[in-house]
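Trainee: Just passing along the structure, written as structure tokens.
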Amino acid sequence: AATATAATGSAPSPTKKRAARSGKPVMPTCPPVVLDENRTEWVPKAVLGQGGFARVFHMLGPNGEEKAFKCINKDAVKDSKSTRAKLLAEIMIHKSMNHPNIVGFEEAFEDEANVYFRLELCSGGSMNDILKRRGAYSEPETRFFMIQILAGCQNMHINSVIHRDLKLGNIFLDSGMNVKIGDFGLAALLKFREERKKTKCGTPNYIAPEVIEDPNHEGHSFEVDVWSVGVILYTLLVGSTPFQMKEVDLIYEKIKTNKYSIPDSARISQEGRELIKKILAHNPAERPTLIEIMNDPWFTCGPVPPYVPASATAGTPHDM
Ligand code: ADP
């Protein structure tokens, strides 16, 4: 089941005015019925989660279809040209993606109050929420999920898209325990494959060292996603992120100096430890490619389950 709270109706005025005055983003409320671009009626069932500007609702269609609607209040974006541009870029990039391990983006449309993205529903919720509930994954389960994370990421890279915010909070599971990578809010579409990006962005625990510190202004590229894949692998196996600290500056210091350790108590195979080390190479040129990661001995030194049961969102299955 999704990590859902009750759906909110529309009672925007006082909160909305306060939020606007305080400069905080105005969170959207969902009307009791939303009409999409085909005039199909959708009814909110629950709130699935929320991010910077957006709130994501579980919606029901007229024939029982279930979707996730990402809603953004227009007031939150109307005063900033750059926020509007980022929203359009997210729509353009996410809509162009089509892969079984990437959250399906069906359409973007608007009504008077909000912009909506109609997305494939991932009722298992985010892998971060699942990890918090149940702790680290076993190596066979991690292989199962990593194969799909790598496949989704490889598809983006083939299409010249760098995600730039890969993290367990942006990786979802559908009802069949299939991995779906979402949130293209920081993604970049390269004009040519050798283009370098300069914008410092990402999430502290998952951010690559060349994004934090770039003294020669060389910029970054696909390798930043490979780094995040390394942080994801570590986090799935250990149960916490490798550079975890309370303050962002201290996290950055650890990332820049490559200071992390894999606890002995984590009972991770030698192959697993070595793969983490290979991926978390400080120098982006020394990191393996996604294909090299897929071909790493870690994937064949132990079992890969053909499927992971839905009960694995609550705890490690007994036979894994
Ligand atoms: P933001 O870009 O504002 O961070 P996200 O796209 O990450 O917003 O979504 C915020 C939260 O909504 C996620 O953490 C997740 O809990 C939920 N969510 C997002 N997309 C889906 C989806 N397709 N299916 C189910 N839940 C989703």
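None of the figures in this text is laboratory data; all of them are computed from the coordinates on show. This structure is a prediction, so every number in the text was calculated from the model and none was measured. Neighbour counts run over all protein chains shown; Cβ positions are idealised from the backbone, glycine included.
Trainee: Report P(r) for the range 241-295: all Cα-Cα distances, bin width 5 Å, range 0 to the bin holding the largest distance, values in whole percent.
Mentor: 4, 17, 23, 22, 20, 11, 3, 0
Trainee: Additional query: Could you tell me how many degrees, from 0 to 90 and to the nearest 10, lie between the Cα long axis of helix 13-22 and the main elongation axis, the longest principal axis, of the Cα atoms of the chain?
Mentor: Compared with the principal axis, the helix lies near 50 degrees.
Trainee: Looking only at GluC sites (Glu not before Pro) in DSSP loops with at most 15 other Cβ atoms within 10 Å, what is the longest site-free stretch of the chain?
Mentor: Here the longest run is 113-193.
Trainee: OK, next. Using the crude model of +1 on Lys and Arg Cβ and -1 on Asp and Glu Cβ, and no other charge, please compute the dipole size for the chain relative to its Cα centre, in debye to 20.
Mentor: That gives the chain a dipole magnitude of about 1020 debye.
Trainee: If contacts are Cα pairs under 8 angstrom and at least 6 residues apart, what is the relative contact order of the chain in percent?
Mentor: So the answer I get is 15 percent.
Trainee: Sticking with this one: For a quick check of your reading of the filter: which chymotrypsin sites (Phe, Trp or Tyr not before Pro) in the range 256-320 sit in a DSSP loop and have no more than 10 other Cβ atoms within 10 Å?
Mentor: Y307
Trainee: Sort the range 183-320 into rounded, prolate or oblate with this rule: let a ≥ b ≥ c be the square roots of the eigenvalues of the Cα gyration tensor; rounded if a/c is under 1.5, and if a/c is not under 1.5, prolate when a/b is larger than b/c, oblate otherwise.
Mentor: Prolate.
Trainee: In deg cm²/dmol and to the nearest 500, what is the mean residue ellipticity at 222 nm of the chain if only DSSP H runs of at least 4 residues count, each as -39500 (n - 2.57), divided by the residue total?
Mentor: Values: 10 runs with 102 residues, N = 320.
Counting only the DSSP helices, I get -9500 deg cm²/dmol.
Trainee: I'd like the distance separating the alpha-carbon centroids of the range 98-144 and the range 190-259, in whole Å.
Mentor: 22
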